[in-house]
Amino acid sequence: MTVASLKKKTAVLVRCGLFLLLIGTVWVVGESQAEAQYGYQRYRPSTPVLSPYLGLTANNNGALPNYFAFVRPMENAQQTIQNDNRMFNQQRQELLKQRNELQRLQNEFGQGVIAPTGQAGWFKVGARQGGGFRNTSHYYQRWQK
């Protein structure tokens, strides 16, 4: 082989390598953009796709029968997950109710926006205007003429 042919082969290999690197980069970047663009979400069924009773056909060399070794634990785990999901949904609903009640009360008492220090609003609701420091006119009965 001559030096010239070796240089040509090296140049071709370098070009092919760079081309493959470019294709790989475009593929990876394009895949992540498509996932973000279309809101790709992995399918997650709410119930198991396969029955736990398929465990009855498994080879088991243990002391327990297949039902107690494979099927029953899977059923117990599914029941536990369902109970946890139910409890989670109940707690979420309760938190939403409490948040809505808090927002309603804040709006009712005029505290939708946080007031500056010393300007809390709940005790000012319905207060008479014109009152000030050391104004005791509302404490003592006035003599009428």
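For the stretch 45-108, the Kirkwood estimate of the hydrodynamic radius, built from every pair of different alpha carbons, is 15.0 Å.
Placing a pseudo-label 7 Å from each Cα along the Cα-to-Cβ vector at SER5 and ILE23 gives an inter-label distance of 2.7 nm.
Protection proxy ranking of 71-81, 7-17, by the mean of other Cβ atoms within 10 Å over each peptide's residues and highest first, is 71-81, 7-17.
The numbers here are math on the coordinates, done by the rules we state, and not lab data. Remember, predicted model here, so these are calculated numbers, not experimental data. Every residue, glycine among them, receives a Cβ derived from its backbone with ideal geometry; neighbour counts consider all protein chains shown.
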